Amino acid sequence: MTLPAFLFGLLISTFLGVAFHLWRGGSLGNLVFYVVMGWIGFWGGQLIAEWLGFSFLSYGPLHLGIAVIGCLLFLSIARWLSRTAK
């Protein structure tokens, strides 16, 4: 993976984490939690797509389709975890 592809993936996953926080609300701690969980989900989805050979909505070396699905899945889990922690 190239550095520009890594930075682009980092930008997309950070954007999704921040957008999820704006949609669901919460404190600054929740923002950080959502961004980190977005990173984990995005790169986890990327690794799974690379390992299994999926090429759904690929953009260069990034498998954006599976990575975004992984990111959204992890953000949903993060929302559930933040609700049960209260």
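The table below gives the values:
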quantity: Sum of side-chain charges, MET37 neighbourhood, beta-carbon under 13 Å (Lys, Arg +1; Asp, Glu -1); calculated: +2
quantity: log₁₀ of I(q)/I(0) at q = 0.17, 0.27, 0.30, 0.34 Å⁻¹ - the range 9-54, Debye sum with one point per alpha carbon; calculated: -0.48, -0.86, -0.98, -1.12
quantity: log₁₀ of I(q)/I(0) at q = 0.22 Å⁻¹ - the chain, Debye sum with one point per alpha carbon; calculated: -0.94
quantity: Distance between the range 7-40 and the range 41-86 - C-alpha centres, whole angstrom; calculated: 13
quantity: Theoretical gain in end-to-end length, PHE6 to TRP23 [0.36 nm per residue, Cα-Cα removed]; calculated: 3.6 nm
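Where a number appears in this text, it was derived from the coordinates with a stated rule and is not lab data. Just so you know, these numbers come straight off a predicted model, no measurement behind them. Every residue, glycine among them, receives a Cβ derived from its backbone with ideal geometry; neighbour counts consider all protein chains shown.
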